[in-house]
Amino acid sequence: MKAIVLIGMSGVGKTVKGKKLAKKLNFDFVDTDELIIEKNKMSIEDIFIRFGEEYFRKEEKEVFKRALTKKNCVISTGGGIILDKDNITLMRSEAVVFFLYDTLDNICNNLKNSHIKRPLLNTKGDLFSQLSNMSILREKLYINACHFKIDLTNKNDETIFNEIIDNYKTFNLLDI
Ligand SMILES: Nc1ncnc2c1ncn2[C@@H]1O[C@H](COP(=O)(O)OP(=O)(O)O)[C@@H](O)[C@H]1O
Ligand SMILES: O=C(O)C1=C[C@@H](OP(=O)(O)O)[C@@H](O)[C@H](O)C1
Ligand SMILES: [Mg+2]
């Protein structure tokens, strides 16, 4: 079966939830950030500092393309995956794409509890306005790239996963 791709804002829960979803489906799990870290033997933060965002985006595009050749797999992406048009075309043709949506308040709380450093977000600054600016630029891209938007607000993981799996099954039956 086609891969499941999770997209959405940084901090919405793509990595954590993707891992759990893969386990539930008995699918493989990959995360584009983790693939980049493995390939470069360096943290995302260090890659941004040493080589810059442009290099990171090139690496992201390459590992994502490779990941999309896999079947029966959940692929969690970095929040900026949709900044590249080719990535969007490819995910839509090769996989079933789920946009994980949550309120900016909930995303802020997630990020405050996360120990992972995100170079494009300064958790010591006004996180809400940084996220708000980012989501203004990205929201339409997530909407256009996805096959299904999943609203995470006030739902537990079990409910969220069932919603994803139901839509995934329908997609595979109809191949829409
Ligand atoms: N299902 C979950 N269980 C526990 N914590 C979660 C869950 N989903 C999100 N979180 C919280 O949100 C933070 C960000 O999640 P993460 O998966 O890293 O987001 P993303 O990959 O979208 O940037 C995590 O560090 C964790 O604190
Ligand atoms: O939003 C972004 O542009 C980014 C999100 C990060 O991944 P998460 O979405 O997992 O935080 C990571 O890829 C990098 O820091 C850039
Ligand atoms: Mg992540």
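Within the accessible area of the chain, what % is carbon and sulfur when the probe is 1.4 Å and the other protein chains stay in place? Within the chain, the accessible surface is 51 percent carbon and sulfur.
Filter the cross-link list 117/169; 58/112; 41/124; 140/169; 14/70; 19/65 down to pairs whose alpha-carbon distance in this structure exceeds 30 Å.
Numbers: 117/169 35 Å; 58/112 28 Å; 41/124 27 Å; 140/169 25 Å; 14/70 18 Å; 19/65 19 Å.
Where the Cα-Cα span goes over 30 Å, the pairs concerned are 117/169.
Given the rule -39500 (n - 2.57) for each run of at least 4 DSSP H residues, summed and divided by the residues of the chain, what is its mean residue ellipticity at 222 nm, to the nearest 500 deg cm²/dmol?
Working: 7 runs with 101 residues, N = 176.
Counting only the DSSP helices, I get -18500 deg cm²/dmol.
Rolling a 1.4 Å probe over the protein chains gives residue 1 an accessible area of about 110 Å². Annotation: per residue accessible area for the chain equals 54 Å², rounded to a whole number [probe 1.4 Å, protein chains only]. Across the chain, the mean sequence separation of Cα contacts (distance under 8 Å, 6 or more residues apart), normalised by length, yields a relative contact order of 32 percent. In loop segments of segment 121-176 as defined by DSSP, the trypsin sites (Lys or Arg not before Pro) with at most 15 further C-beta atoms inside 10 Å of their C-beta are 124, 155.
Taking only the C-alpha atoms of segment 3-170, Rg followed by Dmax gives 15.0, 44 Å. Karplus-based coupling profile of segment 66-72, in residue order and whole Hz: 5, 4, 5, 7, 7, 10, 6, with θ = phi - 60° in 6.51 cos²θ - 1.76 cosθ + 1.60 and x standing for Gly or Pro. Between residue 26 and residue 149, the FRET efficiency from the beta-carbon distance, with R0 = 30 Å, is close to 0.75.
The values are calculated or read from the model by the stated rules, or taken from the named source; none is laboratory data. Since the model is a prediction, treat every value here as computed from it, not as a measurement. In this analysis, Cβ positions are derived from the backbone assuming ideal geometry, glycine residues included, and neighbour counts consider all displayed protein chains. Heavy atoms of the whole protein, side chains included, go into the accessibility calculation; ligands, DNA and RNA do not. Shrake-Rupley method; radii C 1.70, N 1.55, O 1.52, S 1.80 Å.
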